[in-house]
1. Restricting to segment A:278-302, what's the tally of residues that are more than 13 Å from chain B (Cβ to nearest Cβ), of a type in the set (Gly, Ala, Ser) and in contact with a strand residue (DSSP E or B) (Cβ under 8 Å, 6 or more places away or on another chain)?
2. Please go through segment B:91-120 and give me each residue that is surrounded by 22 or more Cβ atoms within 10 Å (Cβ to Cβ) and among the β-branched types (Val, Ile, Thr), ordered by number.
3. Please work out which residue is most open to solvent (accessible area, probe 1.4 Å), limiting yourself to segment B:146-197 and to residues that are of a type in the set (Asp, Glu) and not in a loop (DSSP other than H, G, I, E, B).
4. If the Cβ limit is 7 Å and pairs must be 6+ apart or interchain, which residue in segment A:321-332 that is among the charged types (D, E, K, R) pairs with which residue that is surrounded by fewer than 21 Cβ atoms within 10 Å (Cβ to Cβ)?
5. Just to be sure before I move on: is A:ASP10 within 14 Å of another protein chain (Cβ to nearest Cβ), within 25 Å of B:GLU200 (Cβ to Cβ), modelled with pLDDT of 95 or more and surrounded by 15 or more Cβ atoms within 10 Å (Cβ to Cβ) in the structure I sent?
6. Here's a check for you: in segment A:220-241, which residue that is of a type in the set (Asp, Glu) and outside any loop (DSSP other than H, G, I, E, B) is nearest to C:LYS21 (Cα to Cα)?
7. Tally time: how many residues in segment A:22-50 are under 27 Å from the mean Cα position of the chain (by Cα) and outside any loop (DSSP other than H, G, I, E, B)?
8. Taking segment A:62-76 as the search range and keeping residues that are more than 8 Å from chain C (Cβ to nearest Cβ) and open to solvent by less than 30 Å² (accessible area, probe 1.4 Å), which one is nearest to A:TYR112 (Cα to Cα)?
Amino acid sequence: MSEFYTRYGDGSPTRVSADEMRRDLEVGTNDAADRGKIPALSQSELDHLFDICTRPDKTVSVERGNEVVVTFDAGTLKLPIRAGVPMDRSSAILTHERAFCSDTMELAHVDYSYKQLKAIIHEETAAMEHVQLNTIIPIFYGAMPNLGLYTKPDGPIENWSELLPLAKISEAKAAQEEAMEHAIKDMVYVASRMYEAGADGINFDTVGASGDADVLASLKAVEILKNKYPDIAIEFGMSGEFILGMHGDLFFDGKRLAGLYPHQQVKVAEKAGATIFGAVINTNSSRTFAWNLARTVTFVKACTEAASIPVHVNVGMGVGAIPNSNTPAVDAVSRADKALVEIGKADGL
Amino acid sequence: MSIEDIFLEARETILQCDQERAVRLAERALAEGYDPVEVISSGFSYGIRQMGELFGRGEVFLPQLIMSSEVMKAAVQILDAAIIQGETTQYKGTIVIATVEGDVHDIGKGIVVSLLKTQGIQVYDMGRDVSTVKIIEKALEVKADIIGTSALLTTTLMSQKKLEDELRKNGLRDQFKTMVGGAPATQRWADRIGADAYAEDAAEAVTKALLLLNRT
Amino acid sequence: MGGIRTAGDLVARMQMAKGMKIKEAKEYVAGKLGISTFELCDEAVMQEIRESLDIGHVQARDGASIGIQAKFNIAKLLGIDIRSVENFKRLTGLK
């Protein structure tokens with residue numbers, strides 16, 4: 001019986017039979033359907049996925065005409081910081097524009113949280129102004145809401161991660177509500193200044209990393225910004241496939257935020273005024289690539305079908321079926337991209 | 001009330017975070033002569049593990065998870081009093097747990113800690129960004145049975161291997177059982193570095209810890 | 001899509017400026033360029049178009065628009081406001 005070269009969610013290679021591959025695809029889509037209470041993929045979609053997963057080519061691509069645009073998070077952290085290339089941020093952006101041919105790029109500071117940026121806002125706006133003179137592609141400015149940074153010892157508010165294990169639930173909830181007010185102010189302030197300095201868009205990245213209060217603060221910030229600047233473009237990128245209920249009783253537009261999956265998250269983001277939604281589906285390191293891919297595509301398809309705004313699926317390490325490895329294998333990355341666009345109907349990555 | 005009904009209702013009180021009912025049920029179970037150990041393990045503990053699983057699906061939230069732990073504590077307090085002294089069914093072992101050096105992610109670990117505490121395991125939570133040396137020192141100091149480490153980043157995952165290496169190098173490996181967790185960790189990783197167990201989520205962490213302590 | 005090597009930046013701008021989904025954004029840009037959506041990612045087709053419209057290309061040629069100059073032309077082509085272009089006009093007294 002022939003076997004296909006594939007991987008696990010942590011990137012480690014393995015070989016599986018056609019039957020095993022088909023079974024994993026089916027179990028993966030059913031897991032997403034069960035958790036998200038959304039339709040599983042059809043047999044023809046599973047066949048398409050099987051074809052993508054089993055092609056002998058090392059890399060695959062979307063069919064001509066199906067190409068989509070890409071946006072970034074932590075844009076200028078990648079070459080100068082993570083790759084250790086000694087270049088400044090504007091060189092990194094021009095490298096993306098003129099050598100990598102990226103469709104967009106993001107200016108970002110190494111201290112990637114809105115709270116930290118207010119202290120250096122003048123340097124950041126100056127950097128955006130300089131970058132805008134030399135670049136052609138749209139440039140976002142991005143950072144994380146990072147609600148946890150407002151708690152002790154980093155901020156003035158009681159730490160709910162310490163209050164919750166002590167069963168001080170009402171105190172923990174109150175602390176989160178208080179932190180939200182600070183975070184909204186910082187996000188609106190920094191985003192306003194960067195937009196006025198010429199940013200083509202603002203990226204709220206890794207929304208929800210501190211739970212549902214982190215999401216609510218970001219939604220409210222988007223709402224304020226959109227009222228202030230009707231033309232502002234805002235990308236609303238999530239941190240996980242469901243909103244973690246650190247508070248549990250926070251609502252936006254009448255919807256409880258905790259526990260929302262991507263097809264529900266996109267609707268609240270849309271309502272707040274987001275322009276692009278960044279869907280995130282977590283990769284399970286222990287499961288196969290096929291399992292992760294079918295599961296991810298199922299969530300993404302439900303999300304793009306529900307969305308009225310473009311959906312850019314996060315395909316970074318450990319999300320969007322991309323293996324949880326520092327150097328994700330191109331066979332897996334290109335297959336995930338193709339499947340997310342052709343079956344998930346993603347508007348961008 | 002049959003023992004099966006007691007188990008079912010105990011699980012329900014946990015899932016519904018109903019402390020008053022849980023306490024009443026614990027008292028009734030004792031009055032009817034049921035084994036308190038069995039009521040804890042197949043009733044309340046089982047409920048807590050179910051809560052952990054629901055939390056992992058986004059169907060219950062952290063405050064509920066914490067509240068259910070409190071319900072569990074109240075019920076166990078009643079049942080514990082009836083357990084014959086010396087059987088120490090409540091105390092099952094000691095674990096030292098930490099997020100490894102260079103890694104500040106600890107939401108998942110916090111949930112593991114909360115659930116472990118409900119199972120009669122003494123937990124020493126060292127927090128986040130903790131060096132291998134400090135973890136080993138603490139484990140020696142408190143005579144831990146298990147050392148548990150969490151890593152969310154692929155770059156910090158190597159610290160779990162470093163812990164295994166350091167334990168072996170210092171002739172301490174046989175003194176402790178080790179458990180690993182975190183998004184990039186897998187059973188394959190645990191096997192490769194020689195850890196005793198891997199857990200995918202908080203509910204599994206409890207099951208695996210109890211297995212390592214031979215207390216299932 | 002290929003950024004300024006093709007029409008990726010233009011399609012991205014329409015998603016950002018008008019919240020268009022990919023199909024609509026491609027159709028809008030293709031309409032403005034007078035080509036099919038299929039050709040938006042064709043390097044040969046797009047090089048000629050980008051050079052003739054002077055909206056910037058990967059090759060650094062003398063006399064060709066780069067940076068903010070190219071964006072002036074892109075804003076006119078797509079019929080959208082680009083914040084940095086508006087800022088440039090304001091700061092230089094053009095507006």
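1. 3
2. B:ILE95, B:VAL96, B:ILE97, B:THR99, B:VAL100, B:ILE111, B:VAL112, B:THR118
3. Per the stated criteria, the residue is B:ASP174.
4. A:ASP331/A:LYS58; A:ASP331/A:THR59
5. On the way: within 14 Å of another protein chain (Cβ to nearest Cβ): yes; within 25 Å of B:GLU200 (Cβ to Cβ): yes; modelled with pLDDT of 95 or more: no; surrounded by 15 or more Cβ atoms within 10 Å (Cβ to Cβ): yes.
For A:ASP10, the condition - within 14 Å of another protein chain (Cβ to nearest Cβ), within 25 Å of B:GLU200 (Cβ to Cβ), modelled with pLDDT of 95 or more and surrounded by 15 or more Cβ atoms within 10 Å (Cβ to Cβ) - is not met.
6. Within segment A:220-241, the first condition is being of a type in the set (Asp, Glu), and the residues that meet it are A:223, A:231, A:235, A:241.
Those still in the list that are outside any loop (DSSP other than H, G, I, E, B) too: A:223, A:235.
Working: A:GLU223: 21, A:GLU235: 13 Å.
Ranking the qualifying residues of segment A:220-241, first place goes to A:GLU235.
7. Pass one, segment A:22-50, residues under 27 Å from the mean Cα position of the chain (by Cα): A:24-42, A:45-46, A:48-50.
Add one more test, that the residue is outside any loop (DSSP other than H, G, I, E, B), and what stays is A:24-36, A:45-46, A:48-50.
Final tally of qualifying residues: 18.
8. Filtering segment A:62-76 for residues more than 8 Å from chain C (Cβ to nearest Cβ) gives A:62-63, A:66, A:72-76.
Filter again for open to solvent by less than 30 Å² (accessible area, probe 1.4 Å), leaving A:74-76.
Values: A:ALA74: 8, A:GLY75: 11, A:THR76: 11 Å.
Ranking the qualifying residues of segment A:62-76, first place goes to A:ALA74.
The values are calculated or read from the model by the stated rules, or taken from the named source; none is laboratory data. Given the structure is predicted, the values throughout are model-derived calculations rather than measurements. Note that we place each Cβ from the backbone using ideal geometry, even for glycine, and neighbour counts take in every protein chain shown. These accessible areas exclude ligands, DNA and RNA; they are computed on the full protein's heavy atoms, side chains included. Shrake-Rupley method; radii C 1.70, N 1.55, O 1.52, S 1.80 Å.
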